[in-house]
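Please treat every number below as a calculation from the coordinates, not as lab data. As the structure is a prediction and not an experimental result, all values here were calculated from the model. We place every Cβ from the backbone using ideal geometry, glycine too, and count neighbours over all the protein chains shown.
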Ligand code: HEM
Ligand SMILES: Nc1ncnc2c1ncn2[C@@H]1O[C@H](COP(=O)(O)OP(=O)(O)OP(=O)(O)O)[C@@H](O)[C@H]1O
Ligand SMILES: Nc1ncnc2c1ncn2[C@@H]1O[C@H](COP(=O)(O)OP(=O)(O)OP(=O)(O)O)[C@@H](O)[C@H]1O
Ligand SMILES: [Mg+2]
Ligand SMILES: [Mg+2]
């Protein structure tokens, strides 16, 4: 099977690759969003914690 | 235990969104006592009263009535409680009389007290007018009348004198004092300068004002 | 004509349903004067204020502002008027700041006054919090702040001190007095015992109480 | 058993433990999905009826399975949350619902992309398709309710009630739709009813399904950690953790 | 407890009667949806009759949905809901009274005019008893299940439209069984199966929904 | 005046964006009604496609109707409406801004997903542009005319359902022309006639409705 044939998927390229692409995209976005928001939340909480310490001292 | 016959709060804490309203708050109000919750606008008075009613759960701490946690036997607690808040709790299409009659049945008390109660709050012909035609003060009077209908021991009142004219304010003041003198317990807030002479009134200050709130 | 620069009402009459609230009522409030509408609950204060704003038409009589019937040039009249009633007029999802900015544009005045106005009513961080999260008193403060934003001459206020704590009440009192001293006109109702020392305050009693109402 | 329940019910314990599980689950997911992709896209033979188009099966079926599995797990969590007021269970629901919804969406999308070459149309009102669509609405309802209520403590409890009511309804939906479809006519759409599937297809398929499950496990733990931190931001353990240099993040 | 139940029932009936407009409007809404269809299509080709069971059931479903707000919204706004939750009675029982009033003032009335609508859409007269029976079994479920969703959303400002989203999945089985019972009857087949199933769903809803409603209300008032 | 118009427009858009839920829900409602029909019938016999134009138009109409409350209700309850009427600007202009926001956050969004719904119901793809055009001309009329009815009923407690009653007669022409345009396109005929008529109605509504709305609001607030 040549690479071109592989990508053509027997004429069903649009359907197959859209499916796989959509699945990959959704799964990756789903993973990135919470990881980023976790980082953000942690740094925000750290900032608040240090600010509070600073003000009590 | 001192609070065998009254209301006691232990180590209450409450947050709204990201702000701590109060923390490690403890107090008690005995039989025959009046407790005024004082504080600036936004200090958490309304919130505290709703905690005491069990309408909201505190983030920390417990509330006891007659020595028992109010979560243990809520039905019984509610039987001995009457709350009057910012909302009237009256259906706008029914008259004050019909409203309180239905309510008295809901709480399993006699309807006979309804008419005298409304009258003693100074409502005359308004007794039979649909509530949506009452003025602000008339509605508040009708709402307060439920105190006299329910026969509850513990009264929890959020700004009972709001919208009332001066005569009515004095009248309500007397009613509260009488309840305390008869062995009831009253917890209330007010921004009106009321002086109770006959009853034992204590004040609880919620010091956290909007300004010095604990920002998170 | 004496009322060249103020508000004058002639022979006003108003009924609600089958009851006459007032009749042949005439009064005037000049530049620099404060007029307190007094009366028991249900005597028709709120109704009268809404007549003065043009939100409701009297059954009889006319209202004049600077010598001109308010119905003749309503746009112009509204430009010089600021009404604060029982309802806040603030969108619950927007912050006080956003609310008043939108309002200032609606009334064609500058937005610069919004922040100082809110601050001078004692709002701090609440300025940027959605209104539905404000307590009763905080909301009333935000609502009153519009007085300072609008730059209107005639202020019509229905229980401006409702829900306010004592500091805020004193603050509002000062604001009203300053407005009168600066040549404005204030018409208001209140059930709080306020004493204005610096300004010229007159009282108008609506005598018809619920009891002695004229049944029709 | 009881202590286990207790331990996992405690927020700091969970927060710490989860961070240790996440790498392992991710690794497993990566391995199985990689094998599934290679096996499915390259090694598996062409289906002589459907040509290459059938390869959509390797994402369609695992997504469909996940969509159903996740909802069921949410309902269990909802029961636990309502009966024992267990915080972790509440957090689980709000963490899992969006993942479940996206798998449901993917099952619908890949299914209809498969339907066009196979049946000639993107959409028919077949029983299975319809109930999958309704499942999507159930998920959206839970997410919508959760995000509409501002106080997240109440929001989690409200979402639990809804998830539980929804799961009572799922068998009824399933039954009604199934019954509704077959009342008037025999099956017009014949999916390959258990054709003795070539093991060269079956293994990659199962591997993909397993991979999706591991992926879900890792992802839901990540999301739960965020949710937990958000809800518990004021509690002692969070500030302790932050002060002690932040521990595992 | 019995007394409290009946007191609330009485109060809510009085309220419903005080606003006959609302009741009539639920009716009108039902009628109008049914009438929209002939307007939106070409009514001569017999298609309408084949569609009639679906149209009537969908109209019933939508008019219930639109009137659902009545159950708790005004109680929430005027504070009666707080007072209800503070009453010493089991809330599930009280809530049942409220749903009952809602059903009588919406579902029951729809049933009464449904024959007229059936005739209007050209449904065979043999199918009318089945139509009425299916509505009798199905509309209480719509009210009960709808009340759960309303209870969950009553505290939200502007959540009026979240309601349909929550309800569509929950209403699907009722719609399917209901309209298929009618369809079966209209085409001369037996409608017993779907009617039994509707009955079973009703039983389930009557026993479980009040508990879910009560729990939801407590969450919303907080 | 221009400034006030845009200020109100801005405020209301901000409000709409603050509650994305409401907007999405109007969408959902549209989708859900469209989905109810296949559930209520046997979807295989071609009925659905024949009814598709009517179903989509009726769904658009109902979802507009349900979201109408948004326009003035909350303003009435929180007192902003009083303040609006007390503003020195011509109220008709301000009201137009509010209706515009409503249309963008309901009608316009419906138009965007209508092709998907058309596919769900099996409408021929050739008819989709006409469907979208008819919705583009028709939904603003629904918002404008709807706003008149809302303005008239906003002060009435419990007038939620009076609205449909007032509105359905007014909406009828839009529904008829709209669905007939789509039907014509679906069967390969010319859809120009009904589209022109829709355009004419839109023109009429844009010029007259704001005045009627302003007058109605003054009556309601009294
Ligand atoms: C929008 C369209 C579609 C949807 C929503 C959909 C949905 C589903 C669902 C929910 C399942 C899991 C069922 C279960 O395990 O009980 C499933 C399995 C499956 N689907 Fe689809 N499907 C769609 C289109 C298709 C098409 C077009 C094909 C192939 C022609 C297909 C082939 C399969 C196969 C082979 C399975 C596995 C069967 C089994 O586990 O017994 N699907 N689909
Ligand atoms: N919507 C209404 N329909 C009919 N009558 C009304 C309506 N609103 C108020 N009333 C009646 O009009 C009278 C005056 O009401 P108004 O609200 O003006 O009183 P008020 O002086 O402001 O009283 P308060 O001090 O209680 O605010 C009252 O007796 C009331 O019963
Ligand atoms: N729904 C809400 N969501 C979030 N925060 C709120 C909410 N309601 C009130 N708050 C905040 O909680 C604090 C306490 O409010 P509360 O209503 O208890 O105050 P209060 O003491 O009764 O004030 P007031 O004297 O003005 O009535 C306020 O600062 C307010 O900003
Ligand atoms: Mg308060
Ligand atoms: Mg008043």
| query | Sorted by mean Cβ packing within 10 Å, highest first, what order do the peptides E:64-77, B:166-179 take? | reply | E:64-77, B:166-179
| query | Under 12 Å from a point 7 Å along the Cα-to-Cβ line of residue E:1: which residues of region E:94-135 have their amide N that close? | reply | E:94
| Going by average Cβ neighbours within 10 Å, how do the peptides C:85-92, B:123-130, F:202-209 rank, with the highest at the top? | C:85-92, B:123-130, F:202-209
| field | Stokes-Einstein D in µm²/s, Kirkwood radius over Cα pairs - region D:18-68 at 20 °C with 1.002 mPa s viscosity | value | 170 µm²/s
| What percentages, rounded to whole numbers, describe P(r) for chain B computed over all alpha carbon pairs with 10 Å bin width beginning at zero? | 8, 33, 35, 20, 4, 0
| field | Projected area averaged over orientations for region D:1-142, convex hull of C-alpha atoms, nm² | value | 10.6 nm²
| Based on the Cα coordinates of region F:1-108, what is the per residue volume of their convex hull in Å³? | 99 Å³
| request: Calculate, axis by axis, the spread of Cα positions in region B:18-67 along the three principal axes, and write the results as whole Å, longest axis first. | output: 35, 22, 19
| task | Assuming R0 = 35 Å, can you tell me the calculated FRET efficiency for the pair residue E:113 and residue E:157, based on Cβ-Cβ distance, to the nearest 0.05? | result | 0.55
| query | If we restrict to alpha carbons, what Rg and Dmax does chain F come to, in Å? | reply | 17.9, 60
| query | Cα axis of helix E:192-221 to longest principal axis of chain E: angle in degrees, 0 to 90, nearest 10? | reply | 30 degrees
| query | Among D:199, D:213, D:110, whose mean-square fluctuation peaks in a Gaussian network model of chain D (Cα, cutoff 10 Å)? | reply | D:199
| query | Out of every Cα-Cα pair in region E:137-222, what percent are more than 20 Å apart? | reply | 42 percent
| note | Most exposed first, judged by fewest Cβ atoms within 10 angstrom, E:182, B:201, B:187 run B:201, B:187, E:182
| query | Which order results if C:205, D:114 are arranged by neighbouring Cβ count within 10 Å, fewest first? | reply | C:205, D:114
| request: Set the Förster distance to 45 Å, then compute FRET efficiency between residue A:46 and residue D:76 from the Cβ-Cβ distance, nearest 0.05. | output: 0.80
| What FRET efficiency would be calculated for the residue pair residue B:120, residue D:200, taking the C-beta separation as r and a Förster radius of 56 Å, to the nearest 0.05? | 0.05
| query | When the Kirkwood radius is taken over all Cα pairs of the protein assembly as shown, what Stokes-Einstein diffusion coefficient follows at 10 °C and 1.306 mPa s, in µm²/s? | reply | 49 µm²/s
| said: Can you give the log10 of the normalised intensity I(q)/I(0) at q = 0.19, 0.22, 0.23, 0.26 Å⁻¹, computed with Debye over equal Cα scatterers of region C:112-206? | reply: -0.93, -1.21, -1.31, -1.58
| query | When DSSP beta bridges are limited to those with both residues in the protein assembly as shown, what percentage is antiparallel, rounded to the nearest 5? | reply | 45 percent
| request: Alpha carbons only, please: Rg and Dmax for region E:87-193, in angstrom. | output: 16.3, 53
| For region E:181-222 versus region C:138-186, the gap between their alpha-carbon centres in whole angstrom | 56 Å
| task | Can you tell me the equivalent ellipsoid semi-axes for region B:142-189? Use √(5λ) from the Cα gyration tensor, largest first, whole Å. | result | 17, 11, 10
| Taking chain B and dividing mean pair separation by its residue count, relative contact order in percent (alpha carbons under 8 Å, at least six apart) | 32 percent
| task | With an 8 Å cut-off on Cα pairs and a minimum separation of 6 or more residues, tell me the relative contact order of region E:47-169 in percent. | result | 37 percent
| query | Averaged over peptide F:75-85, how many Cβ atoms belonging to another chain are found within 10 Å of each residue's Cβ? | reply | 6
| For residues of D:169-175, the mean tally of beta carbons on other chains within 10 Å | 4
| task | Provide, as a two-decimal number, the C-alpha radius of gyration of region E:83-150 over 2.2 N^0.38 Å, N being how many residues it has. | result | 1.44
| request: Using only atoms on other chains, find how many Cβ atoms lie within 10 Å of each Cβ of peptide F:177-190 and report the average. | output: 1
| Just from the alpha-carbon atoms, what are the Rg and Dmax of chain D in angstroms? | 20.6, 68
| said: So for chain E, averaging the separation of alpha carbon pairs under 8 Å that are six or more residues apart and normalising by length, what relative contact order in percent results? | reply: 26 percent
| field | Overall Cα dimensions of region C:1-107 - principal axes, largest extent first, Å | value | 43, 33, 24
